[in-house]
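Data block below; observations after.
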Amino acid sequence: MTAQQDTVTIVEVGPRDGLQAEARALPAADRIRLIELLVDSGLKHIESGSFVSPKWVPQMAESDAVLRGVPANPGVHYPVLVPNLRGLELALAAGAREIAVFTAASETFCQRNTNCTIGESLQRFEPVLALAAEHGVPVRGYVSCVLGCPYQGEVGTGAVIEVATALAAMGCYEVCLADTIGVGTPRRARALISAAAEQLPLDRLAVHFHDTYGQALANVLACLEIGIRTVDSAVAGLGGCPYAPGAAGNLATEDLVYMLDGMGLHTGVDLDRLIEAGTFICERLGRRSQSRVQLARQGRGTRVLT
Ligand code: HMG
Ligand code: MG
């Protein structure tokens, strides 16, 4: 393996995708503390908030205060989600240096999530990408519901590829294909990424799996085997999407790091420190971690076999 193939970039989405769907909205100070702990663990890409309407997602209110409070560390990226030009202006005012836009491969989901069609969402992004470029701000693009939709059910590969290539063509440096409701299985996930890779280079694609049916880690492995090297996950397996009923949390970052460590793939993340971040946030939320690694380390099955 080359050095590049040997390394996996983890995009930690807990402070955004995780916390946006938790019943308990946390104050900015707790969200900043979580991000500090994640930085201490070695994570370099930490999605830190959303500049969306607080009426739609109250948990992400005060994302400006969060962004202003994150550790000033030149090696760490703190992307934030923006749905429109207004969101970008607010994000820039709060010091955002990287953003993500989001749309879907399912019309109904797009409508429920952002009150517009897929085509309208792409039109909204044009001025967003133009202003971001003026400020030298890189933009990631998300496509939701790539392996199924909570409202429409089946989602065709063609629809996913069409939206993904549109995002790339308008200037997104990376397109993240997201299984929002966690219904995908490894062969389907791999087939989708293979099809996308016929249109876009693999190093411009990322994967984002929710763990609703316990398939997220297997799906990641299937995609790693064909060369994917950027993977999203959330500490403690937090979250879901407020507009995707029934969707469980993201793949837990602890479980991802444990698997990648075991495969000899480098992430730069210290698992013990990551577990500290997971413990902190679960205490603040008053909930149990969804990470199997965290639970194992808490006392059950702690014997390590080598
Ligand atoms: P709308 O109601 O159609 O928009 O919402 P509007 O332009 O009519 O504005 C309505 C109100 O929102 C106005 O305020 C605007 O000023 C305000 P009012 O006059 O009523 O007081 N507003 C804003 N406020 C703050 N920031 C903004 C903003 N824009 C308008 N940027 C809108 C359209 C897109 C704003 C709304 O639908 C929205 O905020 N949606 C966000 C939904 C969301 O965040 N979902 C979760 C993230 S996506 C996800 O989780 C999936 C992902 O993880 C990948 C995966 O797993 O699939 C990425
Ligand atoms: Mg998500």
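The values are calculated or read from the model by the stated rules, or taken from the named source; none is laboratory data. Note that the coordinates shown come from a computational prediction; the quantities given were computed from them, not determined experimentally. Neighbour counts run over all protein chains shown; Cβ positions are idealised from the backbone, glycine included.
Please indicate, with yes or no, whether at least one residue in region 267-289 is within 21 Å of R24 (Cα to Cα), touching a Gly at 6+ places or on another chain (Cβ under 6 Å), within 16 Å of ligand 2 (Cβ to nearest atom) and not acidic (D, E). Scanning region 267-289, I find no residue that is within 21 Å of R24 (Cα to Cα), touching a Gly at 6+ places or on another chain (Cβ under 6 Å), within 16 Å of ligand 2 (Cβ to nearest atom) and not acidic (D, E), so the answer is no. Restricting A222, A206 to those that are part of a helix (DSSP H, G or I) and at pLDDT 95 or above reduces the list to A222. Candidates G87, G158: the one that is away from ligand 2 (no atom under 16 Å from the Cβ) and crowded, with 22+ Cβ neighbours inside 10 Å is G87. Selection over region 52-78 of residues that are of a type in the set (A, V, I, L, M), over 18 Å from R112 (Cα atoms) and crowded, with 22+ Cβ neighbours inside 10 Å gives a count of 2.
Of the residues making up region 168-194, those that are in a helix (DSSP H, G or I) and either closer than 26 Å to G246 by Cβ or within 12 Å of ligand 1 (Cβ to nearest atom) (or both) number 8.
Looking at L274, L238 in this structure, which one is closer than 16 Å to G14 by Cβ, touching a Pro at 6+ places or on another chain (Cβ under 9 Å) and either within 16 Å of ligand 1 (Cβ to nearest atom) or at pLDDT 95 or above (or both)?
L238
A159 passes every criterion in (1) assigned to a loop (DSSP other than H, G, I, E, B); (2) within 16 Å of ligand 1 (Cβ to nearest atom) apart from (1). Against the test of being in contact with a Phe, Trp or Tyr (Cβ under 6 Å, 6 or more places away or on another chain) and within 22 Å of D261 (Cα to Cα), the options L43, L37 yield a single qualifying residue, L37. Residues that are over 23 Å from K44 (Cα atoms), among the hydroxyl-bearing types (S, T, Y) and touching a residue at least 12 places away in the same chain (Cβ under 8 Å) do not occur anywhere in region 70-85.
Between R124, R97, R112, the distinction of being surrounded by 15 or more Cβ atoms within 10 Å (Cβ to Cβ) and in a loop (DSSP other than H, G, I, E, B) belongs to R97 only. Of all residue pairs spaced 6 or more apart or on separate chains, those with beta-carbon atoms under 7 Å, a first member in region 251-275 that is surrounded by fewer than 18 Cβ atoms within 10 Å (Cβ to Cβ) and a second member that is assigned to a loop (DSSP other than H, G, I, E, B) and among the hydroxyl-bearing types (S, T, Y) are D270/S41; R273/S41.
State which residue is surrounded by the most Cβ atoms within 10 Å (Cβ to Cβ) when the search covers only region 229-250 and only residues that are hydrophobic (A, V, I, L, M, F, W, C) and within 14 Å of L274 (Cβ to Cβ). It comes out as V235.
Scan region 47-70 and tell me whether some residue there is away from ligand 1 (no atom under 14 Å from the Cβ), under 14 Å from the mean Cα position of the chain (by Cα) and not charged (D, E, K, R). No, every residue in region 47-70 fails to be away from ligand 1 (no atom under 14 Å from the Cβ), under 14 Å from the mean Cα position of the chain (by Cα) and not charged (D, E, K, R).
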